[in-house]
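Worksheet: one structure, shown below.
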Amino acid sequence: MLTSGHPHPASSLYYFPPSRALSILKFRQLEEKYQSLAVSNQSEEDEPDSFAERAENYYRKRPQLLSLLQDIYYRYLSLADRYTQSLLKPQKLHRRSLSQISTLQSDFDDVDAADPDSDPPDSDAESSLSFQCPPPPLPHFLPASQNAEALVAELVARSVENEILQHEIMVLDRNQSESTRKIELQRSLLEVLESERLVLLSENARLGTRAVAIAEENEGLAAEVGYMRRTAEELARCVMKLREDHRVCMLGRKIQELQAQIYALEKRNRDCYEVMARREEEKAELVRGVCLELEKVKAENKKLREEAAAAAATRGGGKASRKWWVRAWSLDWALCGSHVRKVV
């Protein structure tokens, strides 16, 4: 078989070509993303109850889900491309293997001619041959030993490729199941969101009708407020008018009271004036009476003087006439004083 120091690519199940290793690495990255999403989903013990919490959870996970779906889509495109290439590959590989077999046959013939007991071909050549694709059944003109070795290498390469393809199919099936489950979850989430959208639309319509009713009620209340404002202004004017009327009434009453007081004062003044006039008239009458009395007293005094003088002349006594004169004089003043006291 192969005697080189390097291991044959088909001799180990853990060896993968670079393109397949890259694809497996991508699958592992997809699995890691899905596992991170699954762990984050399992970490949430309580499911959100409200629409806002569900929407927030959805929009928080939406970039990761979109990235995972984008990777799955790109992987699907690459697999479709590889599948198309695999369908077109057998014809190309058949032509390539025929050319390689012809070159190897010429090399083997040269080596056999040079050294019939030499070792089999180099392992690098076989590894490159097995890495490209196992060749179709060798033609009948190859030697029997080389034909057996090529068949064994082809079987090993086919088994390794089958295992790799089975692993890829398992990974793809798992990813497809996960993606279908996620799609179902997204569909259920979309259905929930659609139902909530319909509920919100009905709620929005109900709120719209309620808002219209509230707007109409607000307009009615605004008209009523305007009417109440006008009524309040009219009532304020009426109150001001009533206050003015009350003031006018109070002023009228005060004026009437003042007029009554003035009338009473005028009446009292008139009465006082009449009393004073009567008193003045009485005083004037008293003064006139006193004057008349004084005139009478003076006349009597004069008469008495004359009589006294005549008596004195006849009698000749001076002292007696003087006493009589003093007596008459005192009597005159006494009468005048009594009248004056009565008047006062």
Determine whether segment 204-221 contains at least one residue that is more than 26 Å from the chain's Cα centre (by Cα), surrounded by 10 or more Cβ atoms within 10 Å (Cβ to Cβ) and either without any contact (Cβ under 8 Å) to a residue 12 or more places away in the chain or part of a helix (DSSP H, G or I) (or both). yes
For segment 176-203, the count of residues that are within 22 Å of Tyr58 (Cα to Cα) and under 34 Å from the mean Cα position of the chain (by Cα) equals 15
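Taken together, the values in this text are just the output of simple stated rules run on the coordinates, not laboratory data. Predicted model only: the values in this text are computed from it and were never measured. Methodologically, a virtual Cβ is constructed for each residue, glycine included, from the backbone with ideal geometry; neighbour enumeration extends over all protein chains shown.
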